[in-house]
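Read the structure below first, then the notes.
The values are calculated or read from the model by the stated rules, or taken from the named source; none is laboratory data. Remember, predicted model here, so these are calculated numbers, not experimental data. Using ideal geometry, Cβ is built from the backbone for each residue, glycine included, and neighbour counts are taken over all protein chains shown. Heads up: the accessible areas ignore ligands, DNA and RNA and are worked out on the full protein's heavy atoms, side chains in. Shrake-Rupley method; radii C 1.70, N 1.55, O 1.52, S 1.80 Å.
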Amino acid sequence: MLCHELDRKTGILLIEPDGRLKQDDFISLAAVVDPYILQSGFIKGLIIHVESFPGWENLLGVVEHFRFVKEHHRSIGKVALVTDSRLVGLMPKLADHFIDAEMSVFPYSQLDAAREWVAGS
């Protein structure tokens with residue numbers, strides 16, 4: 001399950017994976033995010049808060065995850081990865097080739113620091 005909360009006042013989206021990621025998780029997320037992007041033009045920041053990456057339920061989950069990233073990365077200003085996972089911590093270097101957003105990594109316990117970074121100009 002992909003728990004998510006969009007703060008419409010600040011334009012910050014918090015995502016907290018809870019179990020393997022499924023195709024429906026990203027469809028549900030897009031149903032919340034897309035109308036907001038149409039109205040405001042972009043999401044100021046995305047915070048992904050996960051102790052360790054849970055993986056995907058199946059290949060459909062992987063495909064929908066990549067589709068979501070492809071369709072939304074230009075509409076997000078900053079991405080904060082808040083995790084203790086070493087694998088996820090390497091994502092900013094890899095993501096530089098695929099997404100437009102500025103990225104930063106924070107330890108899992110530093111959610112507030114990530115919020116401050118994303119909220120900053």
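Odds and ends about this structure:
- Selection of the range 1-19 for residues being open to solvent by 70 Å² or more (accessible area, probe 1.4 Å) and not in a strand (DSSP E or B) yields MET1, ARG8, LYS9, ASP18.
- Scanning the range 69-86 turns up at least one residue that is closer than 17 Å to PHE106 by Cβ, over 14 Å from the mean Cα position of the chain (by Cα) and open to solvent by 60 Å² or more (accessible area, probe 1.4 Å).
- Just so you know, in the range 31-59 the residues that are over 22 Å from PHE106 (Cβ atoms) and among the small types (Gly, Ala, Ser) include one that is most open to solvent (accessible area, probe 1.4 Å), and it is ALA31.
- Test: VAL105 is surrounded by 16 or more Cβ atoms within 10 Å (Cβ to Cβ), at pLDDT below 85 and in contact with a Ser or Thr (Cβ under 8 Å, 6 or more places away or on another chain): no
- The criterion of being out of contact with any Leu (no Cβ under 7 Å at 6 or more places or on another chain) and either assigned to a helix (DSSP H, G or I) or modelled with pLDDT under 95 (or both) holds for ASP100.
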